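Structure first, then comments.
The values are calculated or read from the model by the stated rules, or taken from the named source; none is laboratory data. Bear in mind that the values here come from a model prediction, so they are computed numbers and not experimental data. Using ideal geometry, Cβ is built from the backbone for each residue, glycine included, and neighbour counts are taken over all protein chains shown. SASA here: full protein model, heavy atoms, side chains in, ligands and nucleic acids out. Shrake-Rupley method; radii C 1.70, N 1.55, O 1.52, S 1.80 Å.
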Amino acid sequence: MENLRIAVFPGSFDPITLGHESVIRRALPLFDKIIVAIGINADKRCMFPLQTRLAFIRELFKDEPKVEADSFSSLTVDYCRQNHIRFLLRGLRTAADFEFERIVGLSNKLLQPDLETVFLLTDNRYSFINSSVVRDILNHHGDPSAFVPPTVYKMMQDYMAQNRQKEK
Ligand code: ADP
């Protein structure tokens, strides 16, 4: 287990987008396993429930045995330590991302010196995409199909339709 190259890709994935998918697929040759791990943040209100967000990820990568989905409510470094994980995967879209990641990455290094953060530059086609834009579009009944993988788009539509049904 300790010798396997396992990376955690942490985030809220509310929902997972084409940008996230691209980073994960491009990182696959680097690792034996990638765990897409949803950090549970009690202060953050999410659009999609945790189990739904996990289901999006699992369905999207159902044919890719190297990708797993999980969730955690501890510090990311503690989740990594408990699961003997030595690599964190992050995507870099902008200079603002870099500044944020620099602070988080250096803090994590102080807390857990043997954990390395691996950054991939975003594919230019997806660098403007973020989950909050997708949520905005959905909140205003727009069409987010250019922002999320087709599988996730379909599952999101089903989820929204079920919710509308419940509200009736
Ligand atoms: P959170 O919502 O918790 O901030 P995000 O989903 O924004 O988490 O980010 C999780 C990771 O995915 C980060 O490393 C972020 O840089 C990366 N990421 C987010 N959107 C994109 C994108 N469009 N392209 C590439 N990487 C992305």
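Annotation: of all residues in the range 71-102 being of a type in the set (Val, Ile, Thr) and within 13 Å of the ligand (Cβ to nearest atom), the one that is surrounded by the fewest Cβ atoms within 10 Å (Cβ to Cβ) is 94. Just to be sure before I move on: is residue 28 open to solvent by 60 Å² or more (accessible area, probe 1.4 Å), over 28 Å from residue 160 (Cβ atoms) and more than 9 Å from the ligand (Cβ to nearest atom) in the structure I sent? Considered against the rule, which asks whether it is open to solvent by 60 Å² or more (accessible area, probe 1.4 Å), over 28 Å from residue 160 (Cβ atoms) and more than 9 Å from the ligand (Cβ to nearest atom), residue 28 comes out as no. Just one residue in the set 21, 64, 59, 68 is in contact with a strand residue (DSSP E or B) (Cβ under 8 Å, 6 or more places away or on another chain) and either open to solvent by 30 Å² or more (accessible area, probe 1.4 Å) or not small (Gly, Ala, Ser) (or both); that residue is 68.
Condition test on residue 63, is it in a loop (DSSP other than H, G, I, E, B), over 19 Å from residue 160 (Cα atoms), away from the ligand (no atom under 15 Å from the Cβ) and over 10 Å from the mean Cα position of the chain (by Cα)? Judged against the criteria, residue 63 is a match. Exactly one residue out of 90, 58 is within 14 Å of the chain's Cα centre (by Cα), within 25 Å of residue 4 (Cβ to Cβ) and free of Cβ contacts under 8 Å to residues at least 12 places away in the same chain, and it is 58.
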